[in-house]
1. Quick check: from the Cα gyration tensor, does the protein assembly as shown come out rounded (a/c under 1.5), prolate or oblate?
2. Would you mind computing, in nm to one decimal, how far apart the modelled labels at A:R602 and B:A333 are, each placed 7 Å from Cα along Cα→Cβ?
3. Exceeding 30 Å between C-alpha atoms, which entries from my cross-link table qualify? They are A:K208/A:K801; A:K2/A:K879; A:K2/A:K52; B:K40/B:K280.
4. Any idea what the relative contact order of the range A:437-480 is, in percent, if you count C-alpha pairs under 8 Å spaced at least 6 apart?
5. I need the peptides B:341-349, A:594-602, A:25-33 ranked by packing, meaning the mean over residues of other C-beta atoms within 10 angstrom, with the highest value on top.
6. How shielded is A:210-216 by partner chains, expressed as the average number of their Cβ atoms within 10 Å of its Cβ atoms?
7. Full extension from A:E560 to A:S274: what is 0.36 nm times the residue separation minus their Cα-Cα distance, to one decimal in nm?
8. Just want the ordering: B:E421, A:E702, from fewest to most Cβ atoms lying within 10 Å of their own Cβ.
Amino acid sequence: MKLRAIRLAEVGIFRDPVAVEDFSGRLDVLIGPNELGKSTIFRALEAVFFKKHTATGKDVELMVPRAGGSPQIEAEFDVDGVRWRITKRFGRSRSAELRELGAAGAASPAGGAGAGRIARGADAEDVLVELLQLDASTSGRFALLWVGQQRSLDLDIDPATGRPRDRGERATLRNIIEQEIDVVAGGGRLRGVEARLVAELETHLQPKKLQPKKGSDYEQAVTRRDAARRELAAARDQVAAGAERVRRLAQLTERHQAELAPAILARLAEQSRSAHERREAAEKSVAEGAHLSERERAARLTAEKAAKQLQAFDDDMTAAAGLVQAEQEVTAERQRLVAEVEANARLLQSATASCERLRERERRASDAARRAAETLTLRQDLQDLEEKLASARQTTAEHATVVADIASASATAERLAELDEACRSLALADAVAAPVSVVFDVLAEARHRITIDGAPASGTRDLGAGAVIAIDGIGTIRLVREETPDQARLRAGRQSAAQEKAKLLADIGVATVDEARDAGRVLVRRQAQKEKLEARLEAIAPAGVDALVHARDEVAARLEPLLAAEQATDPEAGAADSVRADDQSPEAVRDQLRIAEGERERIRSEKEALSSRLGGIGARAEQIAADIARLDARLGPVAVRPVERARLKALSEEAAAAHMKAIDERKANQSSAPEPDALAALRRHDDETRARFEALSKEAQELSLAIRGLEAEIATAGEAEAGRTVQRLEGECARLDTQVRHYELEVVALRLLKQLIGEAEKANRDRFLEPVVQRLAPYLSEVFPGAELRIDEMFSITELKRAAAGEPFQALSDGTREQLAILVRLGFGRLLADAGHPVPLVLDDALVFSDDDRIAAMFKALETAAQHHQVIVFSCRAKTFEALGGHRLAISPWRSSARVET
Amino acid sequence: MTAEQIKNLGLDMAAGNRSSARGGSVAVTFIHTADWQIGKPFGGFDARLAGRLEAARLDAIDRIGEAARERGASFVIVAGDVYDSTDLAERTLRQPLERMRAFADLTWFLIPGNHDYAARNGLWHRLVQSVSLPANVRALVEPRPEPVPGHAAVILPAPLTARALAHDPTAWMDDCATDPGLCRIGLAHGAVHGFGGSGETSVLIDPGRVARAHLEYLALGDWHGTKEVAPRCWYSGTPEPDNFAASQKGFALAVGIDGPGAAAKVTPVATGHFVWARLKARVGSVRDLDAVSREIAEFTDRPQRLLLTLAVQGALPVADYEAFAAWSGDLAARLQHAEIATDELVIEADGDGIAALDVLAGAPELQAVARRLIAIRDGSGGLPAADTVVSELLALRDTAITPEAVASSALVKLIRAARAEAEGSL
């Protein structure tokens, strides 16, 4: 289809009729300022082709000019080489007319009467739809390419939902594409089959889940199957319980008959009674035996008591006799002991006297020995002191001599020191006033010609106070000493020192210094001797000689009385003391004393033993007397004693007889009464028999009750038909299992199919978009060299791939997005043209965001596209669009006579 | 059992009418039946059909009673398993009694079998003690001779007291002396040496008992088919079949004995309402289904009484499968019950077959999907990536669904959906 002319009257801003008439059918461009009416023309194009003239509503109202009127639109177009004119009037005076104008390319029939068919009203609409191959309700492929202001970014976005609004564009594209690729593909049948399978699957499964859909046959089968399984399990339990009840009933009945029958219970009762009787008899016999034992014990005690009494009486009698004899023996012993005590007392007295004597002698011997020792010591001390005194006296005399020698010596140390000083001073003065020497070294042949002070001159000669040297044949040489003040002072000093020296030598009494020194050495030796003597005296008599004298006198005074006493006692001792004559040393006397004291001690201890024995005899005698008195008190007078004994004997014999009798009686009972073990056994047997009888009676009662209960339970359970239920449910479970399996197989098969079809579809989709991508490619490379464009199955652009990097469409700039959207439309336009259904691409104020380079490239693309189908561009930007080639359109007044006059 | 097979039994269906002597006559005519199994639940069927099957078993009693009257028999002996189990509700117990009571001119002798054995305090105890039997019904729960009123005959019953017995319950008959003028009729329930080894009970009966115990006839129960196991020794079979096991129809036996020592004349009398049939059919194309239809028709001329389990084997070209599916649907609707197993039916489909299918013509994607399914089914193509979905689902369930079965089913669905799509878009 190619648009050739458009004419408007009473449409929007066009109060006066206008026309745009010279469309080239290729690239047609209408440039004009804002509010020129370009968008009005665009909307008029949409209205005349796609709106029924009978249409009402907002779109139609928008076309009516503000001053009112009935919008009239006329368009001329070529389809398959034939030109047509469609004229529509909207609103109150609505009308439509489609007129065939003849072969396209003929002279414009505008204004002229049509040569071909004419259709009016609804017929005109129908023929138009057929001509343009429109879907009755949509603008179809035209919507793809007729891009209104600001509608270029997507096919058409519904502002209310934000989703693309489909006016049939996608279906149109699909149809076109499918027509093209149908040659090799199955087209929409795959989707159709898939839709059917999905619908079938949805009858079984919840959407997007593997769970059976609520209320589906599948779910019902699963539910019924699960319920049947639960019921079956319960019924099986019931059957098992029933079987258990029957088994238990048989068991209980058997036991009841075997162990708890009435006859068995009666026999048990009889056994119990008999056991009890036997037990009672035995217990009675045992009680009697206990009584007899007690009696026997009492009799035995009585007999034993009587025998004891008799025995005690006899014992007392024997004891009394023994005591009398003992009394006599004690008396004799006592007398013997008294005699022994007296003899001992005498011996003790003698021994004590002997001891006293020896003790006196020992004291005297000790005193004599002590005095002799003291005398000896004092004598020795006296001798020592005398010797020391003599030595001290000699030393003192020697010392006095040495001291006198020292005192008389003149060469004292001080004088010698002064002499040394004088010598030193003299020597010093000599040194200062050294004499000048003349040394003669004269040839031997001339030696006799030279003299000094008249003497031949040779060697060294001291000049002294001067000299005269005479040389034979020559004359004399006088040598004179002239004295300086210093030399005078020195000479005076030397003279003083020499005087002092001479004086000192005189004082010492010697002629020379050496002699003086010898005298000094003698004095030093005397001094050393004196010190030695002083040291010796100090050793002999540190406290002085007088102290020694005093000490010697003191010792002599102490010795004197001793010597006197010695001399006084000696003659007496020799005569009076016999012991001394028998070599009586103090030690020997002490030995004798020890022996004598031992003897005395022995005699004294003997005395004590005798006293003790005597005391013991006395006590014994008292004890015997007391015992005799006690027995006499017990036994009574001797005369009645035989009578008493006879009585006691009779009593004892009587009690013994009674005891024997009791023993016999007990033994008689013992032979008939049961042993404790036997009695215990009888009791146990009785208890057990009774317990068993009672337990079994109780058990029999309980068992009867249990049997009746079980019988009732079994009867009730029978009514429940558990066995039959199990059988039924087993069948039901099997049947429902089969059913569920059937649905499961259905579901799995459908899912498998869906999956496989999905995979096939995906493969198809890639192939499906291929025709669009292919047509788009040349345009795209013109504007975006080397780029690729991704389009989804809704024909929306998803991604631009440049330099191997993909950018989401929505992230691109407005300009780029608009350019891409137009390029895609060029692709669509080319596809439609290639399919034999060319549609003009109409752009109203597009490319508003493009920069200079891009817009130039876009213009080129538009020019290329115009070679395949018509491209109509409306723009307000005259300068920018100057570069766009193609044919320029102009708006002119509509002067056609065909215009319907209002 | 087909009608043909019944004919081959070689029995004279009219013979029963000859010995119709009654009351005191030396000749004895009676009906031998067994295995009524009243109260048997049919859980494997939906409740509606199960109810019908249960009712048919009760109705069989009426048909037996009518057959007895028609053949001049005045008593009926039931050789055990009157009831299906021992724990039935009282209503179930009473139902057959009421049916028998309605035939007041007939005496019914019943013995317990292995299904309804006479345990202590069990079902028969309840029957005799609580329910109170109709006057014309005798429960023979003790092994002792029971005279038949008005006939020169005595029944020697072998009631079972347990589900399994170690001894032959008919042994006592050897030593049981009866009036020599009376026909001795043994009545027992159990398997027989050399036959019926697969019978239900663990009770073994010696068929030599007939001779040793001088029986004129030994009526046996337990085997659900009608069978003469030895001279004078018969299984009557169940009057109303209850499973597909042997494809038997229901019968009772009319027995005529002219007097002590005389041979028994035995005539099967058809009493069954429903026909249970099992059939295996091999098909190679849709044309073979006609033969299968004819074979099914031979079971009965009343398809609404037929319960059929049909195993279809062989291979059908994929193009024929839909015709087969339609045929199956028709069959299921026509019969009382049909179970059609196609586990062993292969849908023959290869690349050529798929390409030749008109419904997939011009749709190469669908053909590719079909080919993948065939590969999975044949185990030759390996599982597709899609199998993760399938195996997940399979893992969730404890079923015997195999990938091959899934692929087969999916293939059929694909073709059906493609056809629907093609027809819908026309």
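No lab work stands behind these numbers, since they all come straight from the coordinates. Since the structure is predicted, the reported quantities are computational estimates derived from the model, not experimental observations. Because the Cβ atoms are built from the backbone with ideal geometry, glycine has one as well, and the counts that use them run over all protein chains shown.
1. Oblate is the answer for the protein assembly as shown, as a/c is 1.5 or above yet b/c matches or exceeds a/b.
2. 16.5
3. The answer is A:K208/A:K801.
4. Contact order relative to length: 35 percent.
5. A:25-33, B:341-349, A:594-602
6. 1
7. Length gained between A:E560 and A:S274: 89.1 nm.
8. Starting with the residue having the fewest Cβ neighbours, the order is A:E702, B:E421.
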